[in-house]
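Here the structure is laid out as structure tokens; the discussion comes afterwards.
The values are calculated or read from the model by the stated rules, or taken from the named source; none is laboratory data. Every value quoted in this text rests on a predicted model; they were computed, and no experiment measured them. Neighbour counts run over all protein chains shown; Cβ positions are idealised from the backbone, glycine included. Surface areas here come from the heavy atoms of the whole protein model, side chains and all, with no ligands, DNA or RNA. Shrake-Rupley method; radii C 1.70, N 1.55, O 1.52, S 1.80 Å.
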Amino acid sequence: MMMSNFHLRCRVRKVAFLLLPEFSNLGIAAATEPLFIANWLAQRAVFDWRIISADGQPVRASNGRLVPVDGDLSCAADCKTVFVLASFDPHRSVRERQVVRWLKRIAKFGVEIGGIENGSLVLAEAGLLNGHPVAVHWDNTVGFQEHYPKTRAVTQLYVRSGGRITCAGASAILDLMVAWIGWHADAELAGEVAEHLLLGRPRAAQTEQRVPAMPAPSSSDAAVAQARALMLAHIDEPLSCREIARRVGLSLRQIERRFRDELRCSVLQHYRQIRIAKAHQLLQQTELSVTEVAFSCEFSSPEYLCRLYRAFFGCSPSRDRRQSTTAPVLRRRMPPEHAKRGGSAA
């Protein structure tokens, strides 16, 4: 394999990766492997990284694996960049007050600070993202914006804004780290790293995640897709099924038939699923009460939301307040018993 022939002009860039409980094990691998490849290609230490935790103890990943670290926060004393990694149970992460105080302190010394996936919540909690656009995973934008209104959540892969970096996580981490290598070493080296990772041309930062607020079933019917877009745009003030049909230029009977053919459910059932998806996000990602969530998603009463929620998730809304690995998950398909009932109440 060919070694990069670029002229190394920079000193070793030291970077720390701070792991918080329930972080993504994929995340730390995706963040560090490009740095290893860069050093290997350059045949010297272009980057020096260490993995740390708040107390220097191993950290449990979301997959249950206990991951050893190189030390505690003091190990990052000479690092020019710090990335914070968090994934599930984000409320626990933002309660790491020692970490929040430490981030505020190192920010004053000009350290470049990044948040990967829900690590960005910790940066926002420290006030380090106020006034910045923030790349947030599509499944967490509702809760993030509710908690941190001084930021602007965007559903793109990653954002570099001033001395702050945010990344939506998952495969976007590879795109970010290739770009980061280009920022702090050389664009040629970054390109070679991308080739070895089989990335081809890495996606640009502003690339959209291309996933809507609720995972969408594939649809080849333009009218169904247009109707879904109307539903997603009118969660707070729902349209009637007849009005949706009118706006897409079909009769109610025609749009109902197309929904049955494409999605195997009625227009109303699919609209409910979209609204219950938002309720699910608000319950897990915010501190809004069940009553506030019910009215925010335009359910007729908290009691009705509770009945509907049990049909989808098998538990009450009050028992689904943490975004943990054991919490209920909303899949694309509708629970069979709910789809059969149908009904006309919104």
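Side notes on the structure shown:
- Computed from backbone phi, the HN-Hα couplings of region 281-289 come to 5, 5, 5, 7, 10, 10, 9, 4, 6 Hz, rounded to whole numbers (Karplus: 6.51 cos²θ - 1.76 cosθ + 1.60, θ = phi - 60°; Gly and Pro given as x).
- Alpha-carbon gyration tensor eigenvalues x 5, square-rooted, for region 1-117, Å: 27, 18, 11
- Semi-axes of the equivalent ellipsoid for the chain, Cα gyration tensor, largest first, Å: 42, 23, 16
- Those aspartates and glutamates that a straight Cα-Cα span of less than 15 Å connects to residue 80, excepting residues fewer than 8 apart in one chain: 48, 112
- Residue ranking by accessible heavy-atom surface, 1.4 Å probe, largest first, among 138, 180, 49 comes out as 49, 138, 180.
- The alpha-carbon atoms of region 30-187 define a convex hull whose volume equals 115 cubic angstrom per residue.
- Sorted peptide list for 166-178, 36-48, criterion being average Cβ within 10 angstrom, highest first: 166-178, 36-48
- If R0 equals 22 Å, the separation of the Cβ atoms of residue 195 and residue 44 corresponds to a calculated FRET efficiency of about 0.70.
- Rounded to 5, the percent of DSSP beta bridges in the chain classed as antiparallel: 20
- Ranked by the mean number of other Cβ atoms within 10 Å of their residues, highest first, the peptides 117-127, 66-76 come out as 117-127, 66-76.
- Calculated [222 nm] ellipticity per residue, helices only, for the chain: -12500 deg cm²/dmol; basis is -39500 (n - 2.57) per DSSP H run with n ≥ 4, divided by all residues, nearest 500.
- In the chain, the longest principal axis of the Cα atoms and the axis of helix 172-184 are about 30 degrees apart.
- For the chain, the relative contact order comes to 14 percent (Cα pairs under 8 Å, sequence separation of at least 6).
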